[in-house]
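The values are calculated or read from the model by the stated rules, or taken from the named source; none is laboratory data. Predicted model, so just to flag it, every value in this text is computed and none were measured. Reconstructed Cβ throughout: ideal geometry from the backbone, glycine too, with neighbour counts over all protein chains shown.
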Amino acid sequence: MRACLATARERAGDAAELCLVGEPGSGRAELARALHAHGPRAAEPFVRLPAALVRRGSLPAGADPIGRGDELHGVIRIASKWEAARGGTLFVADIEDLDDAAQAVLAGLVTGELRDGRPVPRLLASASAEPATLRDEGSLHPRLAERLASRVLHVPALRERGDDLGALCVQLLGEWAARNGGRPAALTAAALADLARRPFDGNIPELRELLEQAAALATSGVIESVPDR
């Protein structure tokens, strides 16, 4: 994770698009916010577009998308978010899940075909695989893939982050304590070692859930064991 963060710091000041590639729950959205907050656009809007709001696959197989309300909704949503993010950052979560019409509009905005001379947002996107791979699978618009292919930052899964698991646990326990009052619970070395051996297929959300359960049960303020999921 340290290498990822070092690269992120180097790219925070860029205006170029960037694709954050990694598993769901690996911290891609948090990294996008950090890139915005530590860059020259920090005082401008950070706007998030979850692809679930404009998800592909809403049309029946073989249906003609022209004139369909759901496709028009996606186009309007993209245009609205782009407008709201002007001068700042637009973060598109799970870009490969955007429907085809929304991806086409986004490609036009990013490549300049649909720009009108006003300040534009920086595009940050998260994806589950390399842009070229998603393009070949038919889930990412070719122009978006071309634009993002050389602008990729790999975000490691939690099971690959043994170097900062302890610090992440401290952060998550601190956030839980801030929401619920009281002092953050502390992990014993044995409990941390147990967590380091787990696969964490659910990544950070899974770790957060387990730590919050353990913290709620740790009446002494010390977590000696963490429950299984």
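Would you mind stating whether ARG183 is surrounded by 13 or more Cβ atoms within 10 Å (Cβ to Cβ) and either among the basic types (Lys, Arg) or in a helix (DSSP H, G or I) (or both)?
No: the conditions fail for ARG183.
Go through (1) closer than 17 Å to CYS19 by Cα; (2) not in a helix (DSSP H, G or I) one by one and return the number of the condition PRO119 breaks.
(1)
Looking at (1) exposed (fewer than 15 other Cβ atoms within 10 Å of the Cβ); (2) more than 22 Å from the chain's Cα centre (by Cα), which one does SER150 not meet, given that it meets all the others?
Failed condition: (2).
Can you name every residue in the stretch 197-222 that is surrounded by 13 or more Cβ atoms within 10 Å (Cβ to Cβ) and either of a type in the set (Gly, Ala, Ser) or assigned by TED's automatic domain parsing to the domain that holds GLY25 (or both)?
The answer is GLY202, ALA214, ALA215, ALA218.
Would you point out the residue of the stretch 141-155, among those that are basic (Lys, Arg) and assigned to a helix (DSSP H, G or I), that is farthest from MET1 (Cα to Cα)?
Looking at residues that are basic (Lys, Arg) and assigned to a helix (DSSP H, G or I), I get ARG143.
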